[in-house]
Structure formats: structure tokens, C-alpha cells
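Asker: There's a structure below that I have some questions on.
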Amino acid sequence: MLQCIFLLSDSGEVMLEKQLTGHRVDRSICSWFWEHSLSQGLDDMSKLPPVIASPTHYLFQILREGITFLACTQVEMPPLMAIEFLSRVADVLKEYLGDLNEDSIKDNFVIVYELLDEMIDNGFPLTTEPNILREMITPPSMVSKVLSVMTGNNSNVSNTHPGATSSSVPWRTMDPKHSSNEVYVELVEEMDAIISRDGMLVKCEIYGEVQVNSKLSGLPDLTLSFANPSILNDVRFHPCVRFRPWESHQILSFVPPDGLFKLMSYRVNKLKNTPIYVKPQLSSDAGTCRLSVLVGTRNDPGKTIDSIEVNFRLPPCVASADLASNHGTVNIHTDKTCSWSIGRIPKDKAPCMSGTLVLDKGLECLHVFPTFQVAFKITGVALSGLQIGKLDLTNLPNPPHKGFRALTRAGKYEVRS
């Protein structure tokens, strides 16, 4: 049972507080959480453990686009339930508000509180399906804001009870109608990799999602199969998926929600190759350090590698830096972070960034070495090797249009120097 939910900005400010039970949780728990987070010395707040035990409460937290969703309880409860609920809250707010940031939350306080009132009751999750919530609470729009000012009615809650709540498929809007029946399936994958200073691949795995955009009339029944489902690990499903067909034949059988939704997520472990290489070289002497970074294609995925970017933070002992590249642009920011935007790798040369780092007075050589964060995007291919077998649709009035896409991008892709 959750007792309170807080929303914190990237500076630790409490933007929203929602007490869920008769036991009031004091805001001082947020100050303790923020001080504890800073004391960990992490360069990335997303690396903070999702479950933290304070002297008085158990804390559950997730970080989404700079906003920390923090829940508190004093009783024993399944931690995954709390983390999953916070993830649902973040997903619903993003769907309602468009951009999940400090300004959008402050501009729509009323709707955020109304959503939390419907999503959790006395500390227990209640209604978390976006389709039902949209029928209960009208999403914000310019028209609704003008009407609320003119009528003085700030409530967005519907007076009628959603019909889907009494349905056997509560995630689907009652009897939706579309002029053109169509469904699109997209594999969206993120590659997490760690490469040692010797160029050895320490870790390489894929976190992927199967995203479906369904615009089908009536109550369709879909069956999705993969050509190689045995490579999947840690699968998680949308509530619409029937578990028994997957358990026996690795087939996804489901009645889809209306619109865009995440059908399932998965991991593919122990991959042996990465699409690009990043080779940093550093040598220092007499108070200066020579830096050179070379980027190129390691294994051709068959599609264009786009939006390549290399980011790193200069060590604290570096007084100044002069960096340039033969392709792309290099920017050095005031907080000592450097970004090298490459875009696509040209066919006639390998992109290279080089330059000189000037160390603080009294230092002869560099003792702290930077870690390079790599970003890229590949459209049209899933690097995990996962392949969609076929998609069958039944219980439809007209033949539907089906489409399939794939996208792979870098997740936590680190190259150590």
C-alpha cells in the first residue's frame, strides 16, 4: 500500500504532492531522498537504485525526462508493483500532456490530480488503462481551457461511467470505428554496451519493445508470431496478451487497445558485435594531454547508421581544451562536457576528432580518464536479430492493412579510455 506520491524536478523541488491514505507523509522525506541521492556521487541520477530504505519509509523512485516520481510507504509491499505503478503514471501523464516536463505539469495541476484520484484508491492501484482514463477525464486542450475560464468549472471528469470498465477487455474503447482498418507493428530496440580501454567488449545487450499502432474497428483478435522467439529473455506483456499461447507456442494472442501501445518488452543478452567502433587515444606529458578519437563502422547492419554522436566530460583537472574534427561539429560547454555530432559516417574517410587538453598547474600528466557516451540510430533493422514471422487478424468486417517497421538506437553505450 502506497501512502504518498511526490513529483520532483531536476533540482529537487517538490512540484506535486499527493497523499493517498489517512497517514500523512511529511515533505521532509523528499529532502532526505535528495540529499541521499547527491551523496552517492553518481554522474547520472538514472543509476540510482529504484528502491531505497530511509530511516522511516521505504522509497520507490523512477526518473523520466528529468522528473523524479517518488512513492513512499511504511509497510511491506511488492516493490515491482510500486515501480510498475509509477511507470504507468509517467506513461499516462506523457500521453495526456504531450511533453513531460516541469512546465507542462505545473500548467495542468488539476488534470494531474484528477488522474491520480482515478489511478489509485487508498494506496492501491485502481484504473491504469489510458483508454478508460480518456473516457473518464478529458485530455487538456485549448478549447477545454477556454470553457473552464468562461464557465468557472475546472473539472475535467466525465459524469458518465466508462462502458469499458464492465467489459471483458477493459483496455479497449467500446466499439471503436475507423474508416480504414490498419495496424502497424514496430520493433524498437536500444543497445547497451560497455567497451573497455583495451577495446574489448565487456557487455552488449538489447532492450527492445514491440509497439503496436492499432486502428481497427469492432473487436478484432490478433495473433503475432516470431521467426526466432528463443532469443528473447525477460519478456513482459501488456495485460491484453493471453499468457497460455505464449507459454506453450511462443505466440502472442491478444485483443489490442485502440491506438498506440506497448505490446511487450524483452531483452536479448550476450551479443558479440556492435555496429560502430569508437577508439580513443590519450597521451599526456609536461602538463598537456593529446586526445584523438576515431569512429567507424565495425559491422555493416545493411542500413544507414544515422545521428551518430559522441559525448564525454573533461576531467576536473583540465583547465582548457582545443578540439577539432575532420567531419561533424565539436562543442565544448561551460560545464566541461564535450559533444561531437557526426551524423552519418562518410564513405571516403573515417571521422576523427583530435586536439590538446591543458592541465592545471602542477600536474604533469592526466590521472583521471573520460568515459565516452555514444549515440546512434539505425532505421529499418533490429540488431538483436529478432524477426517477425506473421500477423493474423480475425473478427474484422473488412480486410486490414498491415505494416512492419524496425528501429535500433544506442542506449547506455559506453567506451572507456
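The values are calculated or read from the model by the stated rules, or taken from the named source; none is laboratory data. What you see is a predicted model; the values in this text were computed from it and never measured. Don't worry about glycine lacking a Cβ; one is built from the backbone with ideal geometry, like all the others, and counts go over all protein chains shown. Side chains included, ligands, DNA and RNA excluded: accessible areas come from the protein's heavy atoms. Shrake-Rupley method; radii C 1.70, N 1.55, O 1.52, S 1.80 Å.
Asker: Filter the range 366-383 down to the residues that are part of a strand (DSSP E or B) and aromatic (Phe, Trp, Tyr), then identify the one that is farthest from Pro315 (Cα to Cα). Give the derivation first.
Answerer: As a first pass, look at the range 366-383 and keep what is part of a strand (DSSP E or B): 371-379.
So of that shortlist, the ones also aromatic (Phe, Trp, Tyr) come out as 372, 376.
Numbers: Phe372: 12, Phe376: 24 Å.
Among those that are part of a strand (DSSP E or B) and aromatic (Phe, Trp, Tyr), it is Phe376.
Asker: Just to be sure, is Ser230 touching a residue at least 60 places away in the same chain (Cβ under 8 Å), among the small types (Gly, Ala, Ser) and not assigned by the TED database to the domain that holds Phe369?
Answerer: Values: touching a residue at least 60 places away in the same chain (Cβ under 8 Å): no; among the small types (Gly, Ala, Ser): yes; not assigned by the TED database to the domain that holds Phe369: yes.
So Ser230 does not fit the description; no.
Asker: Of everything in the range 282-299 that's assigned to a strand (DSSP E or B), without any contact (Cβ under 8 Å) to a residue 60 or more places away in the chain and open to solvent by 10 Å² or more (accessible area, probe 1.4 Å), which residue is nearest to His367 (Cα to Cα)? Don't jump to the end; show me each part of the working.
Answerer: Of the residues in the range 282-299, the ones assigned to a strand (DSSP E or B) are 282-285, 288-297.
Cutting the leftovers down to without any contact (Cβ under 8 Å) to a residue 60 or more places away in the chain gives us 283, 294-297.
Adding the requirement that they be open to solvent by 10 Å² or more (accessible area, probe 1.4 Å) leaves 283, 294, 297.
On the way: Ser283: 11, Leu294: 22, Thr297: 30 Å.
Ranking the candidates gives Ser283 first.
Asker: From Leu100, Leu115, which residue is at pLDDT 90 or above and open to solvent by less than 30 Å² (accessible area, probe 1.4 Å)?
Answerer: Details: Leu100 fails: at pLDDT 90 or above.
Result: Leu115 is the single residue among Leu100, Leu115 that is at pLDDT 90 or above and open to solvent by less than 30 Å² (accessible area, probe 1.4 Å).
Asker: Among the listed residues Asp348, Asp360, Asp306, Asp322, identify the single one that is surrounded by 14 or more Cβ atoms within 10 Å (Cβ to Cβ) and acidic (Asp, Glu). Spell out the reasoning first.
Answerer: Working: Asp348 fails: surrounded by 14 or more Cβ atoms within 10 Å (Cβ to Cβ); Asp360 fails: surrounded by 14 or more Cβ atoms within 10 Å (Cβ to Cβ); Asp322 fails: surrounded by 14 or more Cβ atoms within 10 Å (Cβ to Cβ).
Going through Asp348, Asp360, Asp306, Asp322 in turn, the sole match is Asp306.
Asker: State whether one or more residues within the range 179-193 are of a type in the set (Ser, Thr, Tyr), more than 30 Å from Glu414 (Cα to Cα) and part of a loop (DSSP other than H, G, I, E, B).
Answerer: In the first step, residues of the range 179-193 are kept if they are of a type in the set (Ser, Thr, Tyr); the result is 179-180, 184.
Next, only the ones that are more than 30 Å from Glu414 (Cα to Cα) stay: 179-180, 184.
From the residues that got through so far, the ones that are part of a loop (DSSP other than H, G, I, E, B) too are 179-180.
The answer is yes, given that some residue of the range 179-193 is of a type in the set (Ser, Thr, Tyr), more than 30 Å from Glu414 (Cα to Cα) and part of a loop (DSSP other than H, G, I, E, B).
Asker: Among the residues of the range 243-261, is there at least one that is touching a Phe, Trp or Tyr at 6+ places or on another chain (Cβ under 6 Å), free of Cβ contacts under 8 Å to residues at least 24 places away in the same chain and of a type outside the set (Ser, Thr, Tyr)?
Answerer: Scanning the range 243-261, I find no residue that is touching a Phe, Trp or Tyr at 6+ places or on another chain (Cβ under 6 Å), free of Cβ contacts under 8 Å to residues at least 24 places away in the same chain and of a type outside the set (Ser, Thr, Tyr), so the answer is no.
Asker: Count, please, the residues in the range 175-214 that happen to be β-branched (Val, Ile, Thr), buried (at least 19 other Cβ atoms within 10 Å of the Cβ) and closer than 26 Å to Val293 by Cα. Steps first, answer last, please.
Answerer: Within the range 175-214, the first condition is being β-branched (Val, Ile, Thr), and the residues that meet it are 183, 185, 188, 194-195, 202, 206, 210, 212.
Next cut, buried (at least 19 other Cβ atoms within 10 Å of the Cβ) only: 183, 185, 195, 206, 210, 212.
Then keep just the ones that are closer than 26 Å to Val293 by Cα; that gives 195, 206.
Here the count works out to 2.
Asker: Related question: Regarding the range 398-412, can at least one residue be identified that is polar (S, T, N, Q), surrounded by 14 or more Cβ atoms within 10 Å (Cβ to Cβ) and in contact (Cβ under 8 Å) with a residue 12 or more places away in the chain? First the steps, then the outcome.
Answerer: Residues of the range 398-412 polar (S, T, N, Q): 398, 408.
Filter again for surrounded by 14 or more Cβ atoms within 10 Å (Cβ to Cβ), leaving 408.
From what is left, the residues that are in contact (Cβ under 8 Å) with a residue 12 or more places away in the chain are 408.
Checked against the condition, which is being polar (S, T, N, Q), surrounded by 14 or more Cβ atoms within 10 Å (Cβ to Cβ) and in contact (Cβ under 8 Å) with a residue 12 or more places away in the chain, the range 398-412 yields at least one hit.
Asker: Inside the range 33-80, counting only strands (runs of 3 or more DSSP E) that do not spill past its ends, which hold 1 or more residues that are open to solvent by 10 Å² or more (accessible area, probe 1.4 Å) and without any contact (Cβ under 8 Å) to a residue 12 or more places away in the chain?
Answerer: Numbers: elements: 51-53, 58-64, 67-73.
Hits in the range 33-80: 51-53.
Asker: Answer yes if at least one residue in the range 247-257 is touching a strand residue (DSSP E or B) at 6+ places or on another chain (Cβ under 7 Å), among the charged types (D, E, K, R) and either at pLDDT 90 or above or at negative phi (or both), and no otherwise.
Answerer: No, the conditions are met nowhere in the range 247-257.
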